[in-house]
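K.L.:
Could you have a look at this structure, given as structure tokens, before my questions?
The values are calculated or read from the model by the stated rules, or taken from the named source; none is laboratory data. Bear in mind that the values here come from a model prediction, so they are computed numbers and not experimental data. Cβ placement follows ideal geometry from the backbone for every residue including glycine, while neighbour counts extend to all protein chains displayed.
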């Protein structure tokens, strides 16, 4: 059930590969992203323990919606959540709930709690999901964001940067 790196993984990684400081990845899967960034302190959180032999990554086995960390602990929170629309969550690696944003919104709420006052959140969403509702949540919450896109033949990927500074 661990998500294997794909186009969305590489799109996220390209945007964050040089970040430094304390980084939390919600739904870290195999820890591929954390393994390939230069941050000084890296923590991954997921429901399944990855096969991990990296000394520079801390891992916490937990539900990312209720990640057991202190508020305002991380400079960056990153996630490539399950975002495909699904009536029932069968495959936790890809099923994002109704509209494909139920799980991403839960991760975003957690990320907003965990990120420092002047921190940043990076995450990926697909054009197949109801990303407009997610953007409405960001706007209603008064959050500034930048959105980049990467077109694939079957979908467009959106990379969001929520900057709290």
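K.L.:
Could you check residue 40 against (1) surrounded by fewer than 16 Cβ atoms within 10 Å (Cβ to Cβ); (2) modelled with pLDDT of 90 or more; (3) over 23 Å from residue 17 (Cβ atoms) and say which number it fails?
P.N.:
Single failed check for residue 40: (3).
K.L.:
From the list 81, 104, exactly one residue is part of a loop (DSSP other than H, G, I, E, B), touching a helix residue (DSSP H, G or I) at 6+ places or on another chain (Cβ under 7 Å), at pLDDT 85 or above and within 23 Å of residue 4 (Cβ to Cβ). Which is it?
P.N.:
One residue alone meets the criteria, 81.
K.L.:
Working only within the stretch 21-34, note down all residues that are without any contact (Cβ under 8 Å) to a residue 40 or more places away in the chain and either in a loop (DSSP other than H, G, I, E, B) or in contact with a strand residue (DSSP E or B) (Cβ under 7 Å, 6 or more places away or on another chain) (or both).
P.N.:
Within the stretch 21-34, 28, 30, 31, 34 meet the criteria.
K.L.:
Look through the stretch 47-75, keep the residues that are touching a helix residue (DSSP H, G or I) at 6+ places or on another chain (Cβ under 7 Å) and either farther than 27 Å from residue 99 by Cβ or part of a strand (DSSP E or B) (or both), and return whichever of them is modelled with the lowest pLDDT.
P.N.:
Step by step, filter the stretch 47-75, then rank; the result is 54.
K.L.:
Just one of 89, 57, 103 is farther than 25 Å from residue 134 by Cα and surrounded by 13 or more Cβ atoms within 10 Å (Cβ to Cβ); which is it?
P.N.:
57
K.L.:
Can you report the number of residues in the stretch 114-148 which are surrounded by 20 or more Cβ atoms within 10 Å (Cβ to Cβ) and without any contact (Cβ under 8 Å) to a residue 40 or more places away in the chain?
P.N.:
Residues that pass the stated criteria total 2.
K.L.:
Identify all residues within the stretch 118-132 that are part of a helix (DSSP H, G or I) and either within 16 Å of residue 11 (Cβ to Cβ) or within 17 Å of the chain's Cα centre (by Cα) (or both); write none if there are none.
P.N.:
Result: 131, single match.
K.L.:
Of all residues in the stretch 133-161, which are in a strand (DSSP E or B) and more than 12 Å from residue 108 (Cβ to Cβ)?
P.N.:
Across the stretch 133-161, the qualifying residues are 146, 147, 148, 149, 150, 151, 156, 157, 158, 159, 161.
K.L.:
Report the residue count in the stretch 10-37 for those that are farther than 22 Å from residue 73 by Cα, crowded, with 18+ Cβ neighbours inside 10 Å and modelled with pLDDT of 95 or more.
P.N.:
Residues flagged as farther than 22 Å from residue 73 by Cα, crowded, with 18+ Cβ neighbours inside 10 Å and modelled with pLDDT of 95 or more within the stretch 10-37 amount to 1.
K.L.:
Sticking with this one: Exactly one condition in (1) within 16 Å of residue 94 (Cβ to Cβ); (2) out of contact with any strand residue (DSSP E or B) (no Cβ under 7 Å at 6 or more places or on another chain); (3) not in a loop (DSSP other than H, G, I, E, B) is not met by residue 14; state its number.
P.N.:
Single failed check for residue 14: (1).
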